[in-house]
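Before any comments, here is the structure.
The values are calculated or read from the model by the stated rules, or taken from the named source; none is laboratory data. Please read these numbers as outputs of a predicted model, since none were measured by experiment. Ideal geometry is used to build each Cβ from the backbone, glycine not excepted, and the neighbour counts take in all protein chains shown.
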Amino acid sequence: MKNKMKAMAIVALLATTAYAAKTDVRVIELSNAKPEETVALRVDTYRTEYKSEFVQRTCSNQVCSGTVQECHTESTPQSCYSVPSSGSCHEDRSCEIINGQRECTVSTVCSGGGYEEVCSGGGYQEVCSSVPNCHLEYYDCSGYENVPYEVLDHKTEANVRVVMKDIAPGLTLKEKFNVNLVGDSVQVTTQLTKSNALILGVLSQKDGMVGGVNKIDAVMTMKAISLVEATALLTGGMKAVEIVNGILTIETKVGTKNPELFSLDISVINRKAAGEPVVASGNLSLLNAKPVAMGSKVRWQIDLKDIGLEWTQLPSGKYKAEIILGSSLDSSKIINPGSVPQLSPDEDSVKFEIK
């Protein structure tokens, strides 16, 4: 029996249910003059284990047999009602001199009558009832319990290089960043919720256990784009111009140096066929479009072959192209999401005919 209990204790000791990691944080500031910084972070990660221990305890049971009489006092209500009252009468004698002679008269005068309130009851009375006769009996219920405790699982040491590799020309940058080590995970976030820049970043992390210590080398590579540059194409508006020989032309009020931040959803529809079926559709990066300056505006030319449309094989008929210009920002790469406004996609369409 002792060996069995010992084996149970060993099994319980080895059972791991959770990990708890500490956090280490450093604050750095990057700017045009100081575009990178390296920080060292250290944390300990603990795991929860359970150890079987003998615990002294006393338990109780409720035991009942028969009934007992229990009494208590309750107040009784008072009842009242109105009854007519009898009243009272008496004789009243009055005299006066008339023509030299004294004359007297006697009259009966009554008072009272009406109604009066008569009350009865009220006070207290004893009420008794039978209840189960119960009491607690105590007994020894000592036994083994699994007691949780924390043990060090491993240490983590991280060397994190944060570099602003690309800053848009003319953009003045001065941003504070939190460099966090949470367990074995490196995280980089901005402190500011508002900024004049859109900051995109990609984190690369390499781990390796050395003598019970997880050694991490991490690099956060970022670039800063003018927030105006990153949003102006959508806030300025888009217009579909024409389709000629399979080339779609759209027009925006401004251009962009970062066409990779925008996408085009294009659908070509047969307007005269039953149900207006889609004959070709696709999603393209604006990088696929060729920009052509038109004064202060910019026209973008897209070859519809890029969405699988073979122009020369298109049957005669009437068609239209529906175009949606939207943002292709990868939210997982945005380091300062609080600075980016909500952008609505811009939509337009253009009709054309194949004869």
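Quick notes on this one:
- Options VAL219, VAL188: the member that is within 25 Å of the chain's Cα centre (by Cα), surrounded by 14 or more Cβ atoms within 10 Å (Cβ to Cβ) and under 30 Å from TYR46 (Cβ atoms): VAL188
- Residue that is modelled with the lowest pLDDT, among those in region 85-106 that are closer than 30 Å to GLU117 by Cα and touching a strand residue (DSSP E or B) at 6+ places or on another chain (Cβ under 7 Å): GLY87
- Any hit, region 340-353, residues being assigned to a strand (DSSP E or B), among the basic types (Lys, Arg) and touching a residue at least 60 places away in the same chain (Cβ under 8 Å): yes
- For ASN245: the one exception among (1) more than 33 Å from the chain's Cα centre (by Cα); (2) surrounded by 14 or more Cβ atoms within 10 Å (Cβ to Cβ); (3) under 30 Å from ALA280 (Cα atoms): (2)
Per-residue answers, yes or no, for (1) in contact with a helix residue (DSSP H, G or I) (Cβ under 9 Å, 6 or more places away or on another chain); (2) outside the structural domain of LYS333 (by TED's automatic domain parsing); (3) at pLDDT 90 or above:
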{"residue": "TYR144", "(1), (2), (3)": "yes, yes, yes"}
{"residue": "THR156", "(1), (2), (3)": "no, yes, yes"}
{"residue": "ILE167", "(1), (2), (3)": "no, yes, yes"}
{"residue": "LEU173", "(1), (2), (3)": "no, yes, no"}
{"residue": "ASN178", "(1), (2), (3)": "no, yes, yes"}
{"residue": "LEU181", "(1), (2), (3)": "no, yes, yes"}
{"residue": "SER185", "(1), (2), (3)": "no, yes, yes"}
{"residue": "THR193", "(1), (2), (3)": "yes, yes, no"}
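- Checking each residue in region 269-289 for being out of contact with any helix residue (DSSP H, G or I) (no Cβ under 7 Å at 6 or more places or on another chain) and touching a residue at least 40 places away in the same chain (Cβ under 8 Å) picks out ILE269, ASN270, ARG271, LYS272, ALA273, VAL279.
- Elements of type strands (runs of 3 or more DSSP E) in region 167-235, at least 1 residues being under 17 Å from PRO341 (Cβ atoms): 185-190, 197-210, 213-226
- Taken together, the residues in region 138-182 that are of a type in the set (A, V, I, L, M) and more than 16 Å from MET220 (Cα to Cα) amount to 6.
- Inclusion of GLY208 among residues that are under 30 Å from ASP153 (Cβ atoms), modelled with pLDDT under 90 and not aromatic (Phe, Trp, Tyr) is not warranted.
- Within region 294-326, the set of residues being among the hydroxyl-bearing types (Ser, Thr, Tyr) and surrounded by 17 or more Cβ atoms within 10 Å (Cβ to Cβ) comprises just one member, TYR319.
- Residue count for region 69-81, restricted to those that are part of a strand (DSSP E or B), in contact (Cβ under 8 Å) with a residue 40 or more places away in the chain and over 57 Å from the mean Cα position of the chain (by Cα): 4
- Residues satisfying the stated conditions in region 327-339, i.e. surrounded by fewer than 17 Cβ atoms within 10 Å (Cβ to Cβ), in a helix (DSSP H, G or I) and touching a residue at least 60 places away in the same chain (Cβ under 8 Å): LYS333, GLY338
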